[in-house]
Structure formats: C-alpha cells, structure tokens
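**Student:** Sharing a structure, written as structure tokens. Questions coming.
The values are calculated or read from the model by the stated rules, or taken from the named source; none is laboratory data. In this text, all values refer to a predicted model and were calculated from it rather than measured experimentally. A quick note on method: Cβ atoms are made from the backbone with ideal geometry, for glycine too, and the neighbour counts reach across all protein chains shown.
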Amino acid sequence: TARPHGFPTPDHFAFVKSPVPSPAPGTALVENLYLSVDPYHREMMDGDFALDAPLEGRALGRVLVSRDPGLAEGDLVLHRQGWRTHARVTLGGAGTRKLPPHEGVPHVAYLSILGGTGLTAYVALTRTLRLAEGEDLFVSAAAGGVGTAAGRIARLLGAGRIIGSTGSAAKAAYLTGQVGYDAAFDHHDGPVGESLAKAAPDGIDAYLDNVGGTHLEGAISALREYGRIARVGTVAQYNATEPPAAPRNLPDMVEKSLRMEGMHVRNHTAVQGELEDFLVPHLRSGRISPDVTVTEGFGETVHAFLGMLRGANTGKAVVHVA
C-alpha cells in the first residue's frame, strides 16, 4: 500500500478479501497450501510491486476446479501468484507447472531446495563458479534458503572446505552440525575479513555472495589467484537508504585475476530438471533434507516476510496457508 524508505513495516501491507474466482476456459482454480517469502520481494517493494494490488510470489497449491485440459482436480502445481489463498492459473503460464510425481519428497522441498532457492544455489555452483572437486568455498548468509541449499549441494559435488557466515552462534552451529559446513562464524563477532581469514587460513577458491558489502570485501581478500565470485544477492543493502561504498580492495580483482559474475535464477529455468535428477535420490534416501522455517497461517504472511528480512529464519522461509 506504500513504498518503504528503509526497513518495511506491517503498515506497508493490507489484507484484502475478494470472491474466490471461477476458472475461465483454459484455466484452473488452485487453493494454495504453501507460500514463499523471499529477499527479492523487498526489492520489488521499491517499484516492481504495484500499489494497492495483489502481490506475486512462488506458491504451491492443489487444483480445486479445472477447465485447463492439462490440469486435473487434485493436481499439485507450482505457480507465481502467491500471497493469496486461491489463484486462477494456466499450465505453462506465469511459471505454472505441475508438481512432478517424486514419491517420498516433502512438499516444502519444492519451495526450498528443489525450488528457486535450490536452483539458484545449483546454478551458481555449477555454472557461474564451476566449482571443482576439492575446491574451497565461502558462502555468505549461509543459514538462509540459498545458503543452506548451497552447503548441501557443494558437499554432494565434492567441495573441499566449506565456510559460511551467518547471524548467530546457533545458526553457525546448525550449519556445521546439520548442513555440512566445515566452519561457520557469526558476522557480528568482528570484521568479516578477519573471521574469514581465521576460518580459511589457506584462502578460498570460490565465493557465493548473498550479501555484498563487507562480506564481498572480505572474500576478495581471501580468494586465491583465479578465484571466482557468484553474486546472487545483496541483502546487506536491500533496506539501505544510501548507496553502499564499493569494496576498498577492488584492485585485488586485477592483481589476483579474479572473476565476478552476477546470476539470476529466472535465466536458468531450463536447469530445473537437472536439479531434480541430481537431488531427488538424495532426498529420498535421507542423505539430505529441506532446510525450512514454516510459519503457520495465511494471516502471518507479512510477519513471516519481515522476520525473514531480519534473519529470523533458518533455511527457506515458507508460510503454511491452512
């Protein structure tokens, strides 16, 4: 309902009731089961979200009534019309696809490690960073959706030492105890560059950047010659009111022949099938599991979103609508 200046508040949102739509020919009515709240939604509040209009977002729902020949009642679908209880969708339109029949895979996996966050991590590791077996990796915001997926995927890819930064000692312990990180530190404990140097005294080969700012600066210092950086987010500045300063050590990019590349998951949707082929056997066997924080109730969607921006979640933040 308004553009935030700095950190958003519940007053920037309103819950609106409207009749449940009837499906027109070629569409289906879906009742949402789970909604995704993501860091990119904060960026969209600055202009991409129209004011006084429904908000988009990834969602998983069940078809109630269908006039789409590709969808049947009871089908589970993923779509991008979330932040509502019901949606009218068309198979193949606006990111709508039928959930694949992977027995033994929990539904929340499709909004986390098998969803956009997992795909972001997988593409960043395999395409942008081209992480090789035995190489050492640093991940910022490691206890978030992309960070936990990156840790699990990097371990499956045969990475060497995996280091993560996060926002609390409890999250650091979760990363090393549950996700597969070799070391993790709370970025509040001191300068990121110093903490990273202690965790990776021999340096790193690759950095998956979810944060920017001092994390990027610290990673540039720690990277070995010909190191690579994949930038997938800049959560440190999403709520900033002034542009951030550039890393002071950018000249090291030249001296060490480093490469930095940004990536956006929307450009890599064709890799979804490869991601599922890679991860589903490990999800079924129990070798890995989705890292999620589930908030109960559609009425808590805004609070789940704002909590995610403050780092209240471990793993992917989702809302259970029912």
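**Student:** Checking Arg80 against (1) crowded, with 20+ Cβ neighbours inside 10 Å; (2) under 20 Å from Val292 (Cα atoms); (3) of a type in the set (D, E, K, R), which test does it fail?
**Tutor:** (1)
**Student:** From Leu55, Leu35, which residue is assigned to a strand (DSSP E or B) and surrounded by 13 or more Cβ atoms within 10 Å (Cβ to Cβ)? Working first, answer last.
**Tutor:** Details: Leu55 fails: assigned to a strand (DSSP E or B).
The conditions single out Leu35.
Conditions tested, residue by residue: (1) within 19 Å of Ala317 (Cα to Cα); (2) under 19 Å from the mean Cα position of the chain (by Cα); (3) in a strand (DSSP E or B); (4) free of Cβ contacts under 8 Å to residues at least 60 places away in the same chain.
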| residue | (1), (2), (3), (4) |
| --- | --- |
| Ala149 | yes, yes, no, no |
| Arg152 | yes, yes, no, no |
| Ser165 | yes, yes, yes, yes |
| Leu175 | yes, yes, no, yes |
| Gly193 | no, no, no, yes |
| Lys198 | no, no, no, yes |
| Glu217 | no, no, no, yes |
| Glu225 | no, no, yes, yes |
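**Student:** Would you check if Gly134 is assigned to a loop (DSSP other than H, G, I, E, B), outside the structural domain of Lys171 (by TED's automatic domain parsing) and not aliphatic (A, V, I, L, M)? Break it down stepwise before answering.
**Tutor:** Working: assigned to a loop (DSSP other than H, G, I, E, B): yes; outside the structural domain of Lys171 (by TED's automatic domain parsing): no; not aliphatic (A, V, I, L, M): yes.
Taking the combined requirement at face value, the residue does not satisfy it.
**Student:** Here are His303, His264, His268, His320: which of them is touching a residue at least 60 places away in the same chain (Cβ under 8 Å) and either touching a Phe, Trp or Tyr at 6+ places or on another chain (Cβ under 7 Å) or within 22 Å of Gly164 (Cα to Cα) (or both)?
**Tutor:** Values: His303 fails: either touching a Phe, Trp or Tyr at 6+ places or on another chain (Cβ under 7 Å) or within 22 Å of Gly164 (Cα to Cα) (or both); His264 fails: touching a residue at least 60 places away in the same chain (Cβ under 8 Å); His268 fails: either touching a Phe, Trp or Tyr at 6+ places or on another chain (Cβ under 7 Å) or within 22 Å of Gly164 (Cα to Cα) (or both).
None of the others qualify; the one that does is His320.
**Student:** Return the total of residues in region 115-167 being of a type in the set (Lys, Arg) and buried (at least 23 other Cβ atoms within 10 Å of the Cβ). Steps first, please.
**Tutor:** If we filter region 115-167 for residues that are of a type in the set (Lys, Arg), which is where we start, we get 127, 130, 152, 155, 161.
Still in the running and buried (at least 23 other Cβ atoms within 10 Å of the Cβ): 152.
Selection size over region 115-167: 1.
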